[in-house]
Every structure is written in structure tokens, then in C-alpha cells.
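Working notes, beginning with the structure itself.
Please treat every number below as a calculation from the coordinates, not as lab data. Note that the coordinates shown come from a computational prediction; the quantities given were computed from them, not determined experimentally. Because the Cβ atoms are built from the backbone with ideal geometry, glycine has one as well, and the counts that use them run over all protein chains shown.
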Amino acid sequence: MSFTVAIVGRPNVGKSTLFNRLVGKKLALVDDTPGVTRDRRPGDAKLVDLRFTIIDTAGLEEAGADTLEGRMRAQTEAAIDEADLTLFVVDAKYGLTPLDKTFGELLRRSGKPVVLVANKSEARGSDGGFYDAFTLGLGEPVPISAEHGQGMIDLRDAIVEAIGEDRAFPEDGDDAEAVTDVDVRDSDFDDEDDDAPETLYDETLPLRVAIIGRPNAGKSTMINRFLGEDRLLTGPEAGITRDSISVEWDWRGRTIKMFDTAGMRRKARVTEKLEKLSVADSLRSIRFAETVVIVFDATIPFEKQDIQLVDLVLREGRAAVLAFNKWDLVEDPQAALADLREKTERLLPQARGIRAVPISGQTGYGLDKLMQEIIATDRVWNKRISTARLNRWLDSTQVQHPPPAVSGRRLKLKYMTQVKARPPAFMVSCTRPDALPEHYVRYMINGLRNDFDMPGVPIRIHFKAGENPFEGRKRKR
């Protein structure tokens with residue numbers, strides 16, 4: 001992108017609504033409650049012919065540095081320092097407040113270009129608030145309606161005038177290429193021959209990792225330790241993170257795109273609309289991720305919600321890794337580790353062999369090991385097995401443990417092939433697929449895990465009846 005723009009203003013003036021309008025997606029959570037946004041969220045903005053990076057920020061408030069509001073303000077000030085241009089949003093419907101004047105003075109002292117934006121200008125009686133905005137001394141305000149998309153052309157002209165045409169329209173053409181967040185790496189319809197390679201894993205592609213867990217498990221602190229900076233808002237309060245924030249960094253030469261998500265409580269306890277929106281955003285991050293790290297609090301591990309989150313990730317078909325955070329608070333690490341291993345095998349039988357790493361987001365202990373396990377799990381998640389090896393395995397499996405007889409008739413497994421990866425999915429041609437008992441399916445899945453070294457990832461097996469060439473013909477006497 002050619003330049004970076006930060007959206008700032010006091011709470012509830014429509015900053016996130018304007019952010020969503022510019023990126024063309026409902027990325028940021030929007031609600032009538034003041035102070036919904038807490039972290040700074042970047043996005044790729046498009047405004048007519050302009051292309052730039054936009055940063056949504058928390059509402060500016062006057063508070064002590066040790067309070068949650070004070071830490072939110074520090075995040076906003078960091079976004080102002082990072083940006084080349086600031087959009088200062090005021091509420092034309094409500095009018096100016098002392099906070100607007102205080103932060104207008106702060107922006108004027110920053111020395112960076114500022115575009116004054118009078119939002120909600122479509123409302124009746126907004127003219128008074130619009131003309132009051134002149135008193136801030138930041139130039140002529142731009143009347144817009146972020147909710148309805150009015151005034152976007154005027155906003156574009158104001159940005160070009162403030163940043164300069166050379167910055168607004170770079171001549172190198174870097175932005176000419178289309179950018180997408182979706183990597184096409186897999187097809188559900190790949191035809192695989194017997195000589196196909198065992199795996200198509202490409203270590204040069206970016207890896208999308210979602211971090212989930214219960215509130216106050218230490219997800220944001222862990223990501224900040226990975227980045228080496230206080231990029232995400234943290235604190236002792238539970239439920240600080242609301243939006244799913246993505247950050248990018250390099251680990252041993254590979255790009256990692258990590259998503260911090262809001263803590264997810266049990267469904268029965270989620271009653272407020274805002275928390276429901278946060279949980280829905282977290283679930284969306286799981287569906288778009290490749291590997292999901294479920295962060296446990298090592299001091300109170302394996303709560304019911306932890307087990308349900310692991311089960312959710314496996315049902316979604318994602319690669320899962322467990323991280324037991326706050327390991328620095330565990331008094332007897334060796335005994336605790338043995339206990340966690342026993343509980344993992346007993347409480348998560350559907351993810352036999354799942355990788356689990358003790359870590360400390362506060363001190364950085366175990367984070368490098370966690371990244372190694374993430375890469376190893378993603379490699380297994382992308383694994384492919386040739387049809388010839390699968391059919392040899394199928395024959396030996398039936399010899400060791402033949403399928404049971406149902407209603408006096410023996411079931412026959414004829415042919416097996418892998419139809420897709422991510423997660424590994426297999427198709428087995430057999431007689432009477434509906435009659436195959438569940439325990440034999442689990443036996444096959446566990447056999448695949450052990451014999452082809454696929455621990456901890458979800459495995460799908462689909463059974464299909466072979467076609468009968470004589471079906472439909474009349475029986476001859």
C-alpha cells in the first residue's frame with residue numbers, strides 16, 4: 001500500500017463503521033455501545049481510485065496509564081505514530097465535546113497531516129455540529145455518513161490534498177496486482193495416481209494460525225511475546241479482546257499470519273449482544289485458519305469449555321495444537337506435565353496423539369517449541385498418501401481384523417483412495433456402507449494414524465457402495 005491512515009476520535013462517533021466502509025467488509029465489530037473497539041486493527045482500504053492501509057483504533061479517552069482506558073489510549077497513540085495521515089472523526093449529530101477539543105489539540109501537536117471528518121451528517125440538525133467543527137482549527141471538515149456511504153468522494157479529495165498526489169498515486173505500480181487473503185492450495189477433486197508424491201506441502205506459503213481459548217487464558221500476551229512488542233491490548237481483566245485481530249511476522253523465514261480472538265465462554269453464559277458478536281468473529285477466524293492453537297490455563301486446565309473448544313476445532317476440520325499457558329505459575333512442573341498427558345489421552349480420544357506444549361507467554365518459555373509443533377501439525381494436515389500404499393494397508397488391515405458380519409453377511413472393503421487433504425479424507429468402496437459399525441470406523445482411523453504417522457489431526461473416511469453392473473436388469477429364468 002502507498003500510505004497508512006489511522007482513524008481516531010472519541011468513543012461512539014462511527015470510526016469502526018467508517019473502517020468497514022473503506023475496507024468493503026464487516027471486519028470490525030459495530031454496536032451502539034461506546035468503546036466496542038479496543039485494539040488497533042489494520043485493513044486494506046479502497047476509496048474510489050485510492051489504495052491505502054487503514055487502521056481502526058479505540059476511542060480516545062482521558063484516563064490513567066494503568067487503567068484499561070489508558071492502555072487503549074496508548075494503542076491509539078501508537079497507531080497515530082505509525083500512520084502517515086490521521087482521519088479525526090467527530091459526531092456532527094451530537095456536536096463537539098471537551099474531549100474532541102482536547103484530542104484535536106493532541107493531533108495538531110503531532111505534526112502529521114489531519115483530515116477532519118464530520119460523521120453522521122445525514123441526520124436532521126447536524127448542521128450545528130458541522131459548523132462547530134471549524135473551531136478545532138484543523139481545517140474544513142468533510143461531511144460524510146459512514147453508515148450510508150455519503151460524502152466518500154469528498155473524503156477522497158481531502159485525503160489526496162492532505163497526503164499529496166505523489167504519495168496518493170505511486171508510479172511503481174506495486175498496488176496493481178490483486179491481493180487476496182485466500183490461498184488456493186487444495187482441491188477436493190484431485191485425481192491421484194499411484195506414483196503421486198506422498199505430500200504436496202509447501203513451506204514457502206504463509207501459514208494462517210488462529211489462537212483461541214477461554215477468557216484470560218493469556219492469548220494476547222503470548223502473541224505479543226512472539227512479536228516482541230506490545231501490539232495487542234493486555235491486562236489482568238478478563239475479556240479484553242473483542243475483535244479478531246490479525247498480525248503478521250516471520251518465523252525462520254516463513255510468514256506467519258496469526259489471529260488473536262476473543263475469549264469464548266460457555267454458550268449458556270453468553271447473553272450480551274456484543275459478546276455474541278465477538279464469539280461469532282472468533283468462530284469465523286477458526287474456519288479461515290489452517291492451524292488452531294487452543295490456549296489452556298495451566299493452573300486450571302481441562303475445564304469443560306476447553307474440551308468443547310478442542311472438539312469444535314476438530315469438527316471444523318482444522319489442525320489443532322494445545323498450549324498450556326502460565327507454566328511459570330505451576331509449582332511442580334514434572335508432576336503437572338504427567339497429569340496433563342494422562343488427561344489429554346483420556347479426555348480427547350478423538351484427537352489421539354495431539355501435540356501439547358507447556359508455555360509461558362509472560363516469559364517466552366516454550367514458544368519456539370510451540371511454533372515447531374504448529375509447523376509439524378500443519379505438515380500432517382496437508383499430508384497425502386498414494387493409492388497403492390492405501391490399498392496395501394487396507395488388505396493387511398482386513399487380514400488382522402476383518403469387518404464384522406451383519407445379519408449373517410460379511411462386509412467387504414474393496415478399494416481405498418485419498419480424495420483430499422486439509423484435513424486428510426479417504427474414500428472406501430465397500431458392500432453395504434450403511435451397515436458398517438462405528439467401532440470398525442474408529443479402528444480404521446486409529447490404524448491410519450499409527451501406520452502413516454498422522455497424530456492429532458482430524459481424519460475423515462467416507463464409505464461408498466460399488467456399482468453393480470447388473471442392477472436394473474431383469475432376471476432371466
With a ≥ b ≥ c from the Cα gyration tensor eigenvalues, square-rooted, and the rule rounded for a/c under 1.5, otherwise prolate when a/b > b/c and oblate otherwise, segment 353-402 is prolate
Taking the mean number of other Cβ atoms within 10 Å as a proxy for protection, how do you rank 109-115, 137-143, 205-211, 264-270 from highest to lowest?
205-211, 137-143, 109-115, 264-270
Reduced to Cα centres, the span from segment 129-155 to segment 52-114 in Å works out to 16 Å
Taking the mean number of other Cβ atoms within 10 Å as a proxy for protection, how do you rank 388-395, 13-20, 349-356 from highest to lowest?
13-20, 349-356, 388-395
Using 24 Å as the Cα-Cα cut-off, could you pick out the over-long pairs in LYS46/LYS257; LYS26/LYS304; LYS257/LYS383; LYS25/LYS276; LYS26/LYS420?
LYS26/LYS304; LYS26/LYS420
Which of ILE359, LEU314, LEU329 sits closest to the plus end of the dipole of segment 309-365, meaning its Cα is farthest towards the positive end, when Lys and Arg get +1 and Asp and Glu get -1 on the C-beta?
LEU314
Return the inverse of the average 1/r over all pairs of distinct C-alpha atoms in segment 274-430, which is the Kirkwood hydrodynamic radius, in Å to one decimal.
18.2 Å
Can you give the extra length, in nm with one decimal, that the chain gains between ASP368 and TYR415 once fully stretched, where that is 0.36 nm per residue apart less the Cα-Cα distance?
12.7 nm
Quick calc, segment 207-381, dipole around Cα centre from Cβ unit charges on Lys, Arg (+) and Asp, Glu (-), nearest 20 debye, gives 660 debye
Provide, as a two-decimal number, the C-alpha radius of gyration of segment 223-298 over 2.2 N^0.38 Å, N being how many residues it has.
1.18
Starting from the Cα of ILE461, move 7 Å in the Cα-to-Cβ direction to define the label point; list residues of segment 335-354 whose amide nitrogen is under 17 Å from there.
349-353
For the chain, what is the calculated [θ] at 222 nm in deg cm²/dmol (nearest 500), taking -39500 (n - 2.57) for each run of four or more DSSP H residues and dividing by its residue count?
-10000 deg cm²/dmol
With a sphere of radius 9 Å drawn around the Cβ of VAL357, what net charge do the other residues whose Cβ falls strictly inside it have (Lys, Arg +1; Asp, Glu -1)?
+1
Long-range Cα-Cα pairs in the chain (distance over 39 Å), rounded percent
37 percent
